[in-house]
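Q: Just passing along the structure, written as structure tokens.
The values are calculated or read from the model by the stated rules, or taken from the named source; none is laboratory data. As the structure is a computational prediction, the values presented were derived from the model and not from experiment. Cβ: placed from backbone, ideal geometry, glycine included. Neighbour counts: every protein chain shown. What goes into the accessible areas is simple: the full protein's heavy atoms, side chains included, and nothing from ligands, DNA or RNA. Shrake-Rupley method; radii C 1.70, N 1.55, O 1.52, S 1.80 Å.
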Amino acid sequence: MMSPIRTATENDVARCAELLEILFSQEHEFTVNAVAQSSALSMIFRNPELGRIFVAEIDGVIQGMVMLLFTVSTFLGRKVALLEDMVVAPAWRGKGVGTQLIDHAMDFARREGFGRITLLTDRDNEAAQQFYQAQGFSKSEMVVFRKHLDDETTLNKSESDTWMCRECGYLYDPAEGDPESRIKEGTPFVEVSCHWSCPVCFASKADFDPFL
Ligand code: FE
């Protein structure tokens, strides 16, 4: 079947985050973190030089997505792309939606002058490897190395704990909230309205940093 593929926009953050939830729940190395996924998607939508997200919309609902992140190869002397977050909703698998998404991403990359597309997939995911081979990808002899610069505890802390106003040093404690601004006790900082401001100096929410 043919489904229309289009470039995703900021309005698609919530549905794309849902699809990522499906993807990460089936990959070994990743766990779901809705705040992290949504903020990363927004980062890409607001900074198109970082990459592009394509979605397959079927009867008005996004049922698949794929992402190209942009970088440079000094070897090729050209722009290259990382293909990430390829996922099709389970009910729509095996119907050619993935192939259409990949074709669309490859056409885009060729048209924009990219020299290569690289992707990672689970070592034991034979189905995914066969899928990518059928799309013309071949297995690299390179080995993937990683170093995490921010461990899980730091990430969770910045999401749930105290934040400090850069202007005046006021500490937002989620246990207390900010009842005068009708922020209930127990409200994590990430859930505080972006229109909220520091109760002491009226600096905006964006002027707060995690207090680690
Ligand atoms: Fe302040």
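Q: From the list GLU167, GLU176, GLU180, which residue is open to solvent by 50 Å² or more (accessible area, probe 1.4 Å), out of contact with any strand residue (DSSP E or B) (no Cβ under 7 Å at 6 or more places or on another chain), assigned to a helix (DSSP H, G or I) and within 16 Å of the ligand (Cβ to nearest atom)? Full working, then the answer.
A: Numbers: GLU167 fails: assigned to a helix (DSSP H, G or I); GLU176 fails: assigned to a helix (DSSP H, G or I).
Within the list GLU167, GLU176, GLU180, the selection yields GLU180.
Q: Answer with yes or no whether THR121 is open to solvent by 50 Å² or more (accessible area, probe 1.4 Å), away from the ligand (no atom under 16 Å from the Cβ) and either in the same structural domain as ILE58 (by TED's automatic domain parsing) or farther than 26 Å from GLU49 by Cβ (or both).
A: It is true that THR121 is open to solvent by 50 Å² or more (accessible area, probe 1.4 Å), away from the ligand (no atom under 16 Å from the Cβ) and either in the same structural domain as ILE58 (by TED's automatic domain parsing) or farther than 26 Å from GLU49 by Cβ (or both).
Q: Could you grab me the full set of residues in segment 50-93 that are small (Gly, Ala, Ser) and closer than 15 Å to ALA40 by Cβ? Full working, then the answer.
A: As a first pass, look at segment 50-93 and keep what is small (Gly, Ala, Ser): 51, 56, 60, 64, 73, 77, 81, 89, 91.
Answer for segment 50-93, where residues must be small (Gly, Ala, Ser) and closer than 15 Å to ALA40 by Cβ: just GLY51.
Q: Residues that are among the polar types (S, T, N, Q) and part of a helix (DSSP H, G or I): does segment 190-202 have at least one? Please lay out each step first, then the result.
A: Going residue by residue through segment 190-202, those that are among the polar types (S, T, N, Q) are 193, 197.
Keeping just the survivors that are part of a helix (DSSP H, G or I) gives none.
Within segment 190-202 (the criterion being among the polar types (S, T, N, Q) and part of a helix (DSSP H, G or I)), the answer is no, since none of the residues qualifies.
Q: Looking at PHE75, is it hydrophobic (A, V, I, L, M, F, W, C) and in a loop (DSSP other than H, G, I, E, B)?
A: On the way: hydrophobic (A, V, I, L, M, F, W, C): yes; in a loop (DSSP other than H, G, I, E, B): yes.
So PHE75 passes the test.
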